[in-house]
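Asker: Here's a structure for you.
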Amino acid sequence: MVGPKGERVESIISIQGLAKTYAGGFQALKGVDLEIRKGEIFALLGPNGAGKTTLIGIVCGLVRMTGGRVIADGHDIQKDYRAARMKIGLVPQEISTDAFEKVWDTVKFSRGLFGRAPNDAHLEKVLKDLSLWDKRGEKIMALSGGMKRRVMIAKALSHEPSILFLDEPTAGVDVELRRDMWDMVRGLREQGVTIILTTHYIEEAEEMADRIGVISNGELILVEDKDVLMRKLGKKQLTLQLQEPLTAIPAGLEAYPLELAAEGAELVYTFDAQAETTGIAELMKRLAERGVDFKDLHTQESSLEDIFVSLVRARA
């Protein structure tokens with residue numbers, strides 16, 4: 001696999017031609033090809049029903065594929081299921097654990113499910129990293145929603161996986177705890193864990209991801225380094241607050257990407273910030289020649305959310 005600068009990058013997950021058709025004929029995935037780089041944070045974005053959870057379910061061994069092949073850290077997930085599953089940790093969207101069980105017991109049990117030998121030192125480190133060590137003797141039912149989600153992460157990390165899937169990891173979590181979890185995920189990446197997350201919070205992907213994939217109607221429509229994506233598809237807008245409202249774009253300026261907003265009180269110019277020339281100086285000159293005065297101006301850069309919405313709309 002080739003990185004953004006032409007360097008060779010090792011893939012930890014290789015997905016080839018992945019397809020899933022359910023009994024009723026619904027195609028949840030339509031021949032998806034995807035390479036996940038070792039040690040990266042990869043964000044998979046898409047609207048509800050796009051195929052995100054189905055893709056994760058297949059890789060994690062919870063959903064049977066219709067066609068294709070998946071290699072996880074060197075192991076075919078069908079031919080070498082047990083070894084592949086050992087490499088993967090999954091934090092599902094729904095919190096599901098025994099409410100009457102104690103934190104330490106449920107995490108220790110999860111490790112045993114994968115046939116791992118007891119390792120209390122590892123479990124202690126996981127709980128401390130997740131700020132759960134002081135809660136180890138408490139029943140899960142007594143924990144807050146945010147702490148319960150941390151327990152789910154601890155369970156997923158109990159068997160020392162090299163790959164961690166986070167399905168909507170901060171859904172229903174308050175902003176402060178969300179920031180804490182972002183820091184925790186970065187820490188896991190620094191320890192060598194590859195992280196794949198799905199999220200509805202676009203700012204989460206913008207904040208954390210190294211690369212972004214967009215899935216829509218069962219097809220992967222784009223995979224790109226986040227920074228490259230922002231440069232290629234991001235736009236900037238210059239908004240001029242006019243002294244006097246306009247009813248139409250001034251004559252002779254039809255060739256410029258201009259539009260009126262705020263009932264004619266604002267003139268918005270969209271431009272490519274990466275281009276050699278933005279055209280702003282020439283536009284200002286033309287406006288002055290036509291007696292169009294403004295009292296204020298500001299620029300705004302499109303967000304990842306803007307890019308995501310435009311991509312999905314274009315494919316709809």
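Asker: Take the residues in the range 195-210 that are touching a Pro at 6+ places or on another chain (Cβ under 9 Å) and in a strand (DSSP E or B), then tell me which one is nearest to P47 (Cα to Cα).
Answerer: Selected residue: T198.
Residue-wise test of (1) closer than 28 Å to Q191 by Cα; (2) of a type in the set (D, E, K, R); (3) in contact (Cβ under 8 Å) with a residue 60 or more places away in the chain.
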position: V9; (1), (2), (3): yes, no, no
position: S14; (1), (2), (3): yes, no, no
position: G39; (1), (2), (3): yes, no, yes
position: N48; (1), (2), (3): no, no, no
position: V59; (1), (2), (3): yes, no, yes
position: G68; (1), (2), (3): no, no, no
position: D98; (1), (2), (3): no, yes, no
position: R111; (1), (2), (3): yes, yes, no
position: A121; (1), (2), (3): yes, no, no
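Asker: Related question: For the range 215-237, indicate whether the set of residues that are surrounded by 22 or more Cβ atoms within 10 Å (Cβ to Cβ) and part of a strand (DSSP E or B) is non-empty.
Answerer: So far as the range 215-237 goes, yes, one or more of its residues are surrounded by 22 or more Cβ atoms within 10 Å (Cβ to Cβ) and part of a strand (DSSP E or B).
Asker: Checking the conditions here, which among E263, E259 is closer than 30 Å to L222 by Cα, charged (D, E, K, R) and at pLDDT 85 or above? Write out each step before concluding.
Answerer: On the way: E263 fails: closer than 30 Å to L222 by Cα.
Within the list E263, E259, the selection yields E259.
Asker: Residue by residue through the range 142-159, note down the ones that are more than 20 Å from the chain's Cα centre (by Cα) and β-branched (V, I, T).
Answerer: Once the filter is applied, which keeps residues that are more than 20 Å from the chain's Cα centre (by Cα) and β-branched (V, I, T), the range 142-159 yields only V151.
Asker: Something else about it: What residue, among those in the range 52-69 that are more than 19 Å from A23 (Cβ to Cβ), buried (at least 19 other Cβ atoms within 10 Å of the Cβ) and not β-branched (V, I, T), is modelled with the highest pLDDT? First the steps, then the outcome.
Answerer: Quick first cut of the range 52-69, residues more than 19 Å from A23 (Cβ to Cβ) only: 52, 56, 59-61, 69.
With the extra rule that they be buried (at least 19 other Cβ atoms within 10 Å of the Cβ), the set shrinks to 52, 56, 59-60.
Cutting the leftovers down to not β-branched (V, I, T) gives us 52, 60.
Details: K52: 90, C60: 93.
The residue in question is C60.
Asker: Would you point out which residue out of R111, R116, R69, R64 is of a type in the set (D, E, K, R), part of a helix (DSSP H, G or I), in the same structural domain as E35 (by TED's automatic domain parsing) and closer than 29 Å to I13 by Cβ? Even if it seems obvious, please write down each step before you answer.
Answerer: Values: R116 fails: part of a helix (DSSP H, G or I); R69 fails: part of a helix (DSSP H, G or I); R64 fails: part of a helix (DSSP H, G or I).
Answer to the selection: R111.
Asker: Go through the range 270-309 and report how many residues are of a type in the set (D, E) and at pLDDT 85 or above. Can you show your working first?
Answerer: We begin by selecting, within the range 270-309, every residue of a type in the set (D, E); these are 272, 276, 282, 289, 293, 296, 301, 305-306.
Still in the running and at pLDDT 85 or above: 282, 289, 293, 296.
Number of matching residues: 4.
The values are calculated or read from the model by the stated rules, or taken from the named source; none is laboratory data. These numbers come from a predicted model, not from an experiment. Methodologically, a virtual Cβ is constructed for each residue, glycine included, from the backbone with ideal geometry; neighbour enumeration extends over all protein chains shown.
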